[in-house]
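The structure appears right after this line, and notes come after that.
What follows is calculated from the coordinates using simple rules that are stated; it is not laboratory data. The structure presented is a predicted model; accordingly, all values stated were derived computationally and were not measured. Counting neighbours? That spans all protein chains shown, and the Cβs are built from the backbone with ideal geometry, glycine included.
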């Protein structure tokens, strides 16, 4: 007697082929959604840096800006991460890899030599007169690079290279995606 229960090999191969076709259609969409999420996180990081620098300048830096992300990650009492000006995911190192992007901050204007010491441990003359920050995608992170500066405007450019930011001007070829309020 023959048993007639179960599936034939052809039926199983058809099911596997159908699943493969569905996966081939869905994967590119999922990758695009992931890149869009990474880009949104990079824009959020630029916003966070602008907000942190504004808070730092008004309450701790005597009108000047923090030279590093690490300094923004230090609170007014000098304790790292406690009551800091920026969240710990951005304030623990001077170059951060976050959500498929490398976030860095620097200054092209330089230090304010006559500035007094800041409330979170920077010596006199160590704060800066302006800042710029960039978010460049790592492999698979996104299709655009982002940057911001002392003006508070966030710029984007369709490139995977780091934007050539200065403390006061827009990078060549980049478009503003968020203009600071009051401008």
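Compute the length gained on full extension between residue 21 and residue 139: take 0.36 nm times their separation in residues and subtract their Cα-Cα distance, giving the result in nm to one decimal.
On the way: separation 118, 0.36 × 118 = 42.48 nm, distance 2.59 nm.
Separation in residues times 0.36 nm, less the Cα-Cα distance, equals 39.9 nm.
Pairs of C-alpha atoms in the chain farther apart than 23 Å represent 50 percent of all such pairs.
Taking a point 7 Å from the Cα of residue 113 along the Cα-to-Cβ direction, none of the residues of the range 45-61 has its backbone N closer than 13 Å to it. Among 161, 40, 114, the residue with the largest mean-square fluctuation in a Gaussian network model of the chain, with springs joining Cα atoms closer than 10 Å, is 114. In percent, rounded to a whole number, the relative contact order of the range 9-178 is 18, using alpha-carbon pairs under 8 Å and six or more apart.
What value does the range 44-112 have for Rg/Rh, both radii from Cα atoms and Rh as Kirkwood defines it?
On the way: Rg = 11.3 Å, Rh = 12.0 Å.
That ratio is 0.94, to two decimals.
The order of 86, 19, going from fewest to most other C-beta atoms within 10 Å of their C-beta, is 19, 86.
With the simple spin-label model, which puts each label point 7 Å out from Cα in the Cβ direction, the residue 95 to residue 34 separation comes to 2.4 nm. Counting other Cβ atoms within 10 Å as a rough exposure proxy, the listed residues 7, 64 run 7, 64 from fewest neighbours to most. On the principal axes of its alpha carbon atoms, the range 82-182 extends 41, 28, 23 Å, with the longest extent given first.
Quick one: what do you get for the range 1-86 if you divide its Cα Rg by 2.2 N^0.38 Å? Walk me through the numbers on the way to the answer.
Numbers: Rg = 27.6 Å, N = 86, 2.2 N^0.38 = 12.0 Å.
Cα-based Rg divided by the globular estimate yields 2.31.
Once both labels are positioned 7 Å from their Cα atoms along Cα-to-Cβ, the gap between residue 175 and residue 77 label points is 4.7 nm.
Run lengths n ≥ 4 of DSSP H only: what is the helix-derived mean residue ellipticity at 222 nm for the chain, with -39500 (n - 2.57) per run over all residues, to the nearest 500? Before the final figure, lay out the partial values.
Working: 2 runs with 55 residues, N = 183.
Helices in the chain give a 222 nm mean residue ellipticity of -11000 deg cm²/dmol.
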